[in-house]
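**Q** Structure provided below as structure tokens; questions to follow.
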Amino acid sequence: MCTTCGCGDGETSIDGAVHVNEHDHPHGHAYAPAHAHVPGMSQKRMVSIEQNILAKNDAYARENRRLFAERGIFALNLVSSPGSGKTTLLVKTIEMLKNRLEVSVIEGDQQTSQDAERIRATGASAIQINTGRGCHLDAHMVGHALGKLDMAKGSVLMIENVGNLVCPAAFDLGEAHKVVILSVTEGEDKPIKYPDMFRAADLMLVNKCDLLPYLSFDVDCAIAYARRVNPGIAVIRTSATSGAGMEDWLAWLERGAA
Ligand SMILES: Nc1nc2c(ncn2[C@@H]2O[C@H](COP(=O)(O)OP(=O)(O)O)[C@@H](O)[C@H]2O)c(=O)[nH]1
Ligand SMILES: [Mg+2]
Ligand SMILES: [Zn+2]
Ligand SMILES: [Zn+2]
């Protein structure tokens with residue numbers, strides 16, 4: 001069950017292999033027991049379950065972060081609503097970074113391995129996590145995927161989270177930064193409607209800027225809203241299709257990785 005929205009956790013699978021509980025790491029699955037759904041459960045009990053889930057997640061996140069530090073991996077958690085252009089942006093980023101910086105990818109979606117296949121078509125390595133009914137990636141799933149991923153020392157790891165502006169905000173995956181992607185077709189008020197996500201992110205990419213001539217989206221207003229909830233957030237305007245702003249994004253990445 002998700003601590004934020006209360007949706008059920010389905011069976012997680014990683015590159016098609018269903019994740020089972022009976023394996024040898026100290027597990028303590030980061031999910032609430034099924035009875036958490038029972039109506040009438042006290043508020044106090046719900047809060048204690050939620051704290052428990054997040055504490056377990058944070059322990060796995062610390063483990064991921066330790067591994068990234070050990071190997072000099074710059075890990076980013078890409079968060080947004082569905083369809084903002086995360087995968088398109090990743091494909092473009094990997095192509096433009098060829099011979100500059102190595103990138104590997106963990107893809108998160110409820111179903112299908114379409115995004116991992118799009119990434120592999122560039123030659124980069126990618127692992128797909130399917131969350132089933134789950135609405136976000138957690139640090140435990142990412143830890144399993146890391147075990148299957150071949151990451152070069154000093155490379156970049158991009159984690160594309162499940163498209164959802166709510167729940168992924170609460171789950172640390174061990175990343176250096178959350179990067180939130182807001183596409184110009186979504187409306188400039190998303191940062192104030194979903195403030196937790198924009199507060200958790202260090203960088204906002206305003207994507208699909210090539211479409212601005214056809215829309216009434218006010219970029220300055222969207223940035224002002226984002227800074228209202230997070231005064232320190234960095235902003236880059238991008239178009240994954242035209243390539244506008246991509247060099248600024250790559251420069252941000254290379255600074256972080258260095
Ligand atoms: N016009 C335009 N379309 C884009 C851009 N980036 C992505 N798209 C389109 O938006 C749709 C969703 O993109 P996708 O990368 O799958 O989004 P994701 O769900 O966030 O991974 C696709 O049809 C893309 O071609 C962009 O910068 N400009
Ligand atoms: Mg995608
Ligand atoms: Zn949720
Ligand atoms: Zn496990």
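**Q** Specify the residue that is surrounded by the fewest Cβ atoms within 10 Å (Cβ to Cβ); the eligible residues are those in segment 68-81 that are of a type outside the set (Phe, Trp, Tyr) and under 12 Å from Lys153 (Cβ atoms).
**A** Glu70
**Q** When segment 113-134 is examined, which residues are found to be within 14 Å of ligand 2 (Cβ to nearest atom), assigned to a loop (DSSP other than H, G, I, E, B) and of a type outside the set (S, T, N, Q)?
**A** Result: Ala121, single match.
**Q** Still on this structure, please answer the following. Answer yes or no as to whether Leu97 is modelled with pLDDT of 95 or more and touching a helix residue (DSSP H, G or I) at 6+ places or on another chain (Cβ under 7 Å).
**A** Answer is yes for this residue.
**Q** Then there is this: Of the residues that sit in segment 184-230 and are out of contact with any helix residue (DSSP H, G or I) (no Cβ under 8 Å at 6 or more places or on another chain) and buried (at least 24 other Cβ atoms within 10 Å of the Cβ), which one is farthest from Thr88 (Cα to Cα)?
**A** The extreme case among them is Ala201.
**Q** Also, I was wondering about something else. Go through segment 93-112 and give me each residue that's part of a strand (DSSP E or B), within 19 Å of Leu253 (Cα to Cα) and away from ligand 4 (no atom under 16 Å from the Cβ).
**A** Val103, Ser104, Val105, Glu107
**Q** Please list, ordered by first then second residue, the pairs with beta carbon atoms under 7 Å, 6 or more apart or interchain, first in segment 199-217 and under 27 Å from Pro168 (Cα atoms) and in contact (Cβ under 8 Å) with a residue 24 or more places away in the chain, second surrounded by fewer than 19 Cβ atoms within 10 Å (Cβ to Cβ) and among the aromatic types (Phe, Trp, Tyr).
**A** Once the first residue is under 27 Å from Pro168 (Cα atoms) and in contact (Cβ under 8 Å) with a residue 24 or more places away in the chain and sits in segment 199-217, its partners that are surrounded by fewer than 19 Cβ atoms within 10 Å (Cβ to Cβ) and among the aromatic types (Phe, Trp, Tyr) give Leu203/Trp252.
**Q** Could you tell me which residue of segment 96-126 is farthest from Ser81 (Cα to Cα), considering only residues that are in contact (Cβ under 8 Å) with a residue 40 or more places away in the chain and away from ligand 1 (no atom under 16 Å from the Cβ)?
**A** Among those that are in contact (Cβ under 8 Å) with a residue 40 or more places away in the chain and away from ligand 1 (no atom under 16 Å from the Cβ), it is Arg100.
**Q** In segment 7-52, what count of residues is obtained for those that are part of a loop (DSSP other than H, G, I, E, B), at pLDDT 75 or above and closer than 20 Å to Ile129 by Cα?
**A** Residues flagged as part of a loop (DSSP other than H, G, I, E, B), at pLDDT 75 or above and closer than 20 Å to Ile129 by Cα within segment 7-52 amount to 6.
**Q** If you don't mind, another one. Could you list all residues from segment 88-137 that are β-branched (Val, Ile, Thr) and on the phi > 0 side of the Ramachandran plot?
**A** Of everything in segment 88-137, just one residue is β-branched (Val, Ile, Thr) and on the phi > 0 side of the Ramachandran plot, namely Thr112.
**Q** Just the residues that are within 24 Å of Pro195 (Cβ to Cβ) and of a type in the set (A, V, I, L, M, F, W, C), please, taken from segment 226-246.
**A** Of everything in segment 226-246, those that are within 24 Å of Pro195 (Cβ to Cβ) and of a type in the set (A, V, I, L, M, F, W, C) turn out to be Ala226, Val229, Ile233, Ala234, Val235, Ile236.
**Q** Within segment 144-162, count every residue that is touching a helix residue (DSSP H, G or I) at 6+ places or on another chain (Cβ under 6 Å) and surrounded by 14 or more Cβ atoms within 10 Å (Cβ to Cβ).
**A** Of the residues in that region, 4 qualify.
The values are calculated or read from the model by the stated rules, or taken from the named source; none is laboratory data. If you're wondering where the values come from, they're calculated on a predicted model, not measured in any experiment. We place every Cβ from the backbone using ideal geometry, glycine too, and count neighbours over all the protein chains shown.
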